[in-house]
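Take a look at the structure below.
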Amino acid sequence: MTLTSANPARQTADALVVAVASSPAGPRLVGADWLPAETVEQVTGLAGVLGITGAADEVRRLPAAGRIAAKTVVLTGVGALEGAAPDTETLRRAAGAALRELTGATSVAVALPAEDAEQVAAVAEGALFGAYAYTRYRSADAADAGAPAAEITVLTPRARDKAVTKALARAEVLAAAVHGVRDLVNAAPNDLYPAAFADAAKAAVKDTGAKGVKVTVLDEKALAAGGYGGILGVGQGSARPPRLVKVSYSPSRPAAKVALVGKGITFDSGGISIKPAAGMDAMKSDMAGAAAVLHTVLAAARLELPVAVTGWLCLAENMPSGTAQRPSDVLTIRGGKTVEVLNTDAEGRLVMADGLVAAVEEKPDVVLDIATLTGAQLVALGPRVSAVMGDDATRTEVVDAAGAAGEAFWPMPLPADLRAGLKSKVADIANIGDRFGGMLTAGLFLQEFVGSTPWAHLDIAGPAFNEKAPFGYTPAGGTGVGVRTLLALIEARAIR
């Protein structure tokens, strides 16, 4: 990706992307007064015939017919505008939608409003998020046909400003992190099991070349010696044993110390409490939280943020077998608290409990956990809005970071009255409570393992994996949700 302040009409590329807004009077071009009059007339005069409305996520292509240097003009919708220019998330989504559609184009120039560093960052992020394809299991021909653009140029009058070039560099790091998460989530579970995930974490650290990053892997023997009963209990039904991976970034003089804990169930069959067959294929995505944690730590390191960040990847495969844990088993979590397992499909909170205890032992300033934890999150908020629970201050901090990053996180409560549903007749706590308020009950369960440490729980069950059609910069499959919010929070901590 490069920046240029050249005249967009003279920019040589396979495609030139411009914004079009919707209005009662018909579609109108945004920030494209440099376009030839003939092209403008074609857009406005033939909008109905060409199917151009300016609606969000709408992408239309027109031949340039030699009027500009690019081969085609690509119109990307920004919807109805309240002001003169789209907001940053609208820009992000419009750029992403265009690049997502432009497979097969080698070079793309993006001429959306980009008057300052904030707008440039949004356009660059959206374009890079949209220019993604997962081709690991495709034949070479199919992979080539669906390849995203290899060269992206963002047109801005501020191309030489230091703030703008810095924003572009951050966008590239952020996009690499999001793509890394998507790649892990999209991987087949026969290739990405706990030990393979641990190896992938080590390889990712090596490939980024980030300074000050260390990886420690606990295998099943080390987990047993350390008293990690939750991770071991969930993983004991699989022929492929669990792992706990610690990825730590330690700058020389950290302004803050942040711990991240990620759920990494590489495949969730439900265990003995087995899930219905329909939709079980999506359960390869149950490790999206751990993937987000891994790549957030690496992004913080690549950006050389003055914050110590430690990530805990709680990795297990939840399978039914003769060795699997049973409903009514009692597990001892690290630190000594016992849990009665009433449902083996409520396994994520068990591995997360171990990870939270380990994280809190190192006395961070704040601990954030992220997990595809409950189907109740989907019931409450749908497939595109994540939930956040925790103490009031940390929960607000996460929501603010999400707003700055362009991700949708909604604050949810932790009602004290629901805690009674987690009472066990034989252990300190049960792993499930009453049917209603299941997302909140899961948060209350996790709260038991953080003590007085400032903490927030991010439930990304729906947004982590898009089972429907792509939209904006979001592809089908793994989305990479959470990385942007976590990184924005870490950056905010750096300047507190």
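The values are calculated or read from the model by the stated rules, or taken from the named source; none is laboratory data. No experiment lies behind these values; they were computed from the predicted model shown. Cβ: placed from backbone, ideal geometry, glycine included. Neighbour counts: every protein chain shown.
Values computed for the structure shown
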quantity: Test result for residue 56, within 24 Å of the chain's Cα centre (by Cα), closer than 30 Å to residue 142 by Cα, aliphatic (A, V, I, L, M) and outside any helix (DSSP H, G or I); calculated: yes
quantity: Matching residues, region 320-354, being within 12 Å of residue 270 (Cβ to Cβ), of a type outside the set (Val, Ile, Thr) and buried (at least 22 other Cβ atoms within 10 Å of the Cβ); calculated: 325, 346, 347, 348
quantity: Matching option when the condition is touching a helix residue (DSSP H, G or I) at 6+ places or on another chain (Cβ under 7 Å), in contact (Cβ under 8 Å) with a residue 24 or more places away in the chain and assigned to a helix (DSSP H, G or I), among 492, 461; calculated: 492
quantity: Residue check for residue 171: part of a helix (DSSP H, G or I), more than 20 Å from residue 287 (Cα to Cα) and within 20 Å of the chain's Cα centre (by Cα); calculated: yes
quantity: Strands (runs of 3 or more DSSP E) within region 353-429 that include 1 or more residues hydroxyl-bearing (Ser, Thr, Tyr); calculated: 386-390
quantity: Within region 1-57, tally of residues that are of a type outside the set (A, V, I, L, M) and touching a strand residue (DSSP E or B) at 6+ places or on another chain (Cβ under 9 Å); calculated: 19
quantity: Enumeration of residues in region 149-160 that are touching a strand residue (DSSP E or B) at 6+ places or on another chain (Cβ under 9 Å), in a loop (DSSP other than H, G, I, E, B) and not basic (Lys, Arg); calculated: 149, 150, 156, 159
quantity: Some residue of region 63-77 being on the phi > 0 side of the Ramachandran plot, surrounded by fewer than 20 Cβ atoms within 10 Å (Cβ to Cβ) and either assigned by TED's automatic domain parsing to the domain that holds residue 132 or in contact with a strand residue (DSSP E or B) (Cβ under 6 Å, 6 or more places away or on another chain) (or both); calculated: yes
quantity: Search result, residues across region 7-28 that are within 15 Å of residue 76 (Cα to Cα) and crowded, with 18+ Cβ neighbours inside 10 Å; calculated: 15, 16, 17, 18, 19, 20, 21, 22, 27
quantity: Matching residues, region 29-54, being of a type in the set (A, V, I, L, M) and surrounded by 15 or more Cβ atoms within 10 Å (Cβ to Cβ); calculated: 29, 30, 32, 35, 43, 47, 50, 52
quantity: Among the candidates 108, 120, residue that is in the same structural domain as residue 19 (by TED's automatic domain parsing), β-branched (Val, Ile, Thr) and touching an Asp or Glu at 6+ places or on another chain (Cβ under 8 Å); calculated: 108
quantity: Number of the condition not met by residue 153 [criteria: (1) out of contact with any helix residue (DSSP H, G or I) (no Cβ under 7 Å at 6 or more places or on another chain); (2) closer than 13 Å to residue 91 by Cβ]; calculated: (2)
quantity: Candidates 405, 393, filtered to the one that is closer than 29 Å to residue 494 by Cα and in contact with a Lys or Arg (Cβ under 7 Å, 6 or more places away or on another chain); calculated: 405
quantity: Condition check for residue 242: crowded, with 24+ Cβ neighbours inside 10 Å, farther than 18 Å from residue 370 by Cβ and assigned by TED's automatic domain parsing to the domain that holds residue 217; calculated: yes
quantity: So residue 433, is it more than 11 Å from residue 389 (Cβ to Cβ), assigned to a loop (DSSP other than H, G, I, E, B) and at pLDDT 95 or above; calculated: yes
quantity: Selection from region 376-390 of residues that are surrounded by fewer than 16 Cβ atoms within 10 Å (Cβ to Cβ) and over 17 Å from the mean Cα position of the chain (by Cα); calculated: 379
